[in-house]
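What follows is a short report on a single structure.
No value in this document is a laboratory result; all are computed from the given coordinates. Everything numeric in this text was worked out from a predicted model, so none of it was measured. In this analysis, Cβ positions are derived from the backbone assuming ideal geometry, glycine residues included, and neighbour counts consider all displayed protein chains.
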Amino acid sequence: MKKITFALGVALFLVLIIVAAVVVWRRQPSHGRTADFVPRKLEPDQGYVGSAACKSCHSEEHASWHASYHRSMTQLPTPETVLAPFDVTVNRFGWPYHFQREGDKYWVDMVDPDWEYAVAGRFEFFSGEPPRVRKQIMLVTGSHHKQTYWVASSQRESLLRVPWSFRIDDQRWIPLEADYLSPPDGRPSGGIWDDTCIQCHAVAGQPRQHGTGFDPHVAELGIACEACHGPGSGHIRFREREPASSDSGRAPHGIDPIVNPRDQTAVASSQICGQCHVTSVIKDYPQFLKSGFPFRPGDDLTDTMHILRYVEQPEEDWLRAVTSQDPDLLENRFWKDGTVRVTGREYNGLIETSCHVRGELSCLSCHSLHRYTDANDQLGRDMQGNQACLQCHSEDVADIAAHTHHPADSAGSLCYNCHMPHTTYGLFKGVRAHKIDSPSALSSFRTGRPNACNLCHLDKTLSWSAEQLHTWYGQPQADFPAEQQEVAASLVWLLRGDAAQRVILAWHMGWQPAREASGDEWLAPFLAITLDDPYTAVRNVAGRSLGQLPGFEEFEYDFLAPKEQRSAAVQRALRKWKSETVGAAARGDQILLQPDGAFRPEFDRLRQLRDDRPVDIAE
C-alpha cells in the first residue's frame with residue numbers, strides 16, 4: 001500500500017510540474033523581437049576576419065578545409081546545404097510532422113517545440129492534442145552521417161531543435177529518441193543551439209544570454225580556419241606591415257600572432273583539437289553564456305575547462321558538484337577502466353595514453369586537417385596502416401608477425417585493431433578508442449570494456465584470450481568463473497551486458513575482420529534475437545550487421561517498427577537461418593547452439609540476466 005501511495009504521489013507531482021510548465025509556456029511573453037535568431041556576425045574589434053580572407057594566400061589549405069566536414073558542420077539552409085527531402089510527413093508519438101519546401105525556404109508543420117521543451121518530454125502525463133505551429137528552418141547542423149534542423153522559438157530568443165534527424169546513408173528521417181543510445185522509456189525534447197552547440201559548431205561562438213533568451217554572435221558558422229589558428233586580423237596586419245623576405249618566406253621582424261598547430265608542442269597542439277573533441281565541464285559557465293568560451297589556440301585548455309576523467313569516488317569539489325546533479329555522468333561517458341566511450345571525445349582518450357603523457361604523440365601524429373587522403377577520418381597521408389604507429393615504434397618493423405603472433409598481412413597485425421579497438425559508440429556505429437593501450441582479458445572482466453581479442457575472435461571465451469595473452473606477452477593469469485570459461489565472451493556481453501556492451505558487440509558481428517576470424521555462419525541467430533532489443537540504437541546496429549551476412553543482404557527489417565513487427569522479424573530471421581545454414585554448431589558449445597540450430601539452455605539464463613540499467617551515451 002505504501003508503494004502504491006508513493007507511486008501515485010510521484011505521478012501527481014509530475015502532473016503538477018507539467019501543468020505549471022505549460023502555464024508558464026502559455027503566459028511567457030514574447031520579447032517582441034521579430035528576428036529569426038540566426039547567429040549574427042561578431043563585431044570587427046573581436047579580431048576575426050573569416051575563412052574567405054585566408055583564401056588568397058593559402059589557397060591549397062583553404063581548398064582542403066572547404067572539402068572537409070568541419071566546414072559544413074553548421075550552415076544556413078539552402079538547396080545546396082539541405083540534404084533531406086522536404087516533401088514528407090512523418091509521425092512521432094502519433095503526432096504528424098509535415099516537412100515542406102517552398103522555393104528556397106524550408107518549413108515544418110510540427111508540435112510546438114516551446115511546448116515540448118516546457119514539458120521536458122513527459123508526454124505520458126499529457127492527454128489531448130498538443131499545440132502546433134508552422135516553423136521555418138533557420139539553421140542546419142551536420143552533413144556527414146546525419147543532419148539536424150533548427151527553428152526559432154516563439155517564447156524565447158533562441159533556436160530549438162526539430163526532434164527529427166535525417167540519416168544520410170539510409171536517406172531516412174529518424175526521430176530524436178532513435179538518434180542516440182538512450183533509454184527506451186525516454187522521450188527527449190529537442191535542445192537549444194545557443195547554449196550548447198554554439199561552442200564547437202561555430203567559430204568563437206558567444207551565446208550572449210539575457211533572461212530566457214540569447215543574442216548569439218559567431219565569427220563564422222561551421223568549424224573554420226580561425227577555430228584552429230586563432231583570430232586572423234593581427235596576422236593580416238603583420239604581413240602587410242612586414243613583407244616576407246625572399247629567401248625564407250617569413251617576416252623578418254616581430255612575432256606573427258597567428259598560431260600554427262604544427263609548430264606547437266604535442267600538448268598544446270592536441271589541446272586545440274581538444275577544445276571540441278572532449279567531454280568536460282566549463283569552469284565559468286555563467287561567463288560562457290555571456291561572452292563565449294575564452295580559450296584561444298595556444299592557450300592552456302585546463303585554464304578554462306575541467307577535463308572529465310573516470311574515478312570511482314570523486315574527490316574534487318567541482319566534480320562532486322557535477323555528479324550530485326547527474327549521478328550517472330561518468331558511467332554514461334566512460335568505461336570503468338577510464339576509456340571514454342562517447343564518440344567525438346578523442347582528447348579524453350589521448351590524455352590517458354602513455355605515448356602522449358610520456359612521449360610526443362599528438363592528434364597531428366596521425367591526423368591532418370589539410371593533407372589527408374580521405375575527408376571521412378582526416379587521417380594524414382600514409383597513416384591508414386601501421387605507419388601511424390611504426391613512425392615511433394620502429395623496433396617492430398623488421399618482423400611484425402613476431403610481435404602480433406598473426407600473419408603480417410592480416411587484420412590481426414594492424415596495430416590499431418589491437419591497441420585502438422572499436423569500443424566507443426556514436427553516429428550509429430562502433431568507433432576506435434583513442435586511449436591507446438594493450439588488450440587485457442582481466443581488465444575486460446573487471447571493467448566491462450570488451451577487449452580487442454574477443455571483439456575479433458567472437459567465437460572464443462574470455463579465458464581463451466587470457467591464455468593467449470599470458471603465453472605471448474606474459475600477462476597475469478586469472479581464475480575466471482565458469483561462464484567466462486565456457487561461453488564465448490561476445491555472447492556473454494551481447495546477452496547479459498548493458499546497452500553499451502550490446503551495441504558494440506552487435507556492431508562487431510557485422511565487422512568484416514571479425515567475421516573472417518570467427519566465421520559468420522553462426523552469427524545470424526544472435527543478431528536475430530537482438531532485433532527486438534529494448535534500445536532502438538542496439539536494434540538499428542544489429543539490423544545493419546545482420547544485413548552484412550551471406551543470405552541476409554535483402555532481409556527486410558525496420559528497427560523503428562512496432563514491437564509485434566519486430567518480434568515477427570526475429571522469427572523470420574531464425575527460420576531463414578535454420579533452413580539455410582548447416583553445421584554452425586560444430587564450432588563448439590561456447591557459441592550456445594545445438595546441432596539442430598536451437599539455443600542451448602545457457603542462452604535463456606544469460607538473457608534473463610541482462611543488465612537493464614539505463615544507459616545514455618551523451619554524444
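Data table
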{"read-out": "Contact order normalised by residue count of region 357-396, Cα under 8 Å, 6+ apart, percent", "value": "28"}
{"read-out": "Peptides ranked, highest mean first, by Cβ atoms within 10 Å: ranges 68-75, 574-581", "value": "68-75, 574-581"}
{"read-out": "Packing-based order for 353-363, 104-114, using average beta carbon neighbours within 10 Å, highest first", "value": "104-114, 353-363"}
{"read-out": "For region 134-185 versus region 479-527, the gap between their alpha-carbon centres in whole angstrom", "value": "33"}
{"read-out": "Rel. contact order, % - alpha carbon contacts under 8 angstrom, at least six apart, the chain", "value": "11"}
{"read-out": "Rg over Rh [alpha-carbon atoms, Kirkwood Rh] for region 271-365", "value": "0.96"}
{"read-out": "All-pairs alpha carbon distance profile, the chain, 20 Å steps from 0, percent", "value": "17, 49, 30, 4, 0"}
{"read-out": "Relative contact order (%) - criterion: Cα under 8 Å, at least six apart; region: region 271-365", "value": "31"}
{"read-out": "Principal semi-axes in Å for region 294-453 [√(5λ), Cα gyration tensor, largest first]", "value": "29, 21, 14"}
{"read-out": "Straight-distance crosslink candidates among lysines, where the alpha carbon sits under 25 Å from LYS336 and sequence neighbours closer than 8 are dropped", "value": "LYS283, LYS429, LYS435, LYS460"}
{"read-out": "Residues with amide H under 5 Å from that of GLY292, placed H, sequence gap 5 or more", "value": "ARG208"}
{"read-out": "Alpha carbon centroid spacing (whole Å) that separates region 44-73 from region 548-618", "value": "49"}
{"read-out": "Approximate shape of region 22-246 as ellipsoid semi-axes (Cα gyration tensor, √5λ), whole Å, largest first", "value": "37, 20, 14"}
{"read-out": "Volume in Å³ per residue [convex hull over Cα atoms, computed for region 399-467]", "value": "102"}
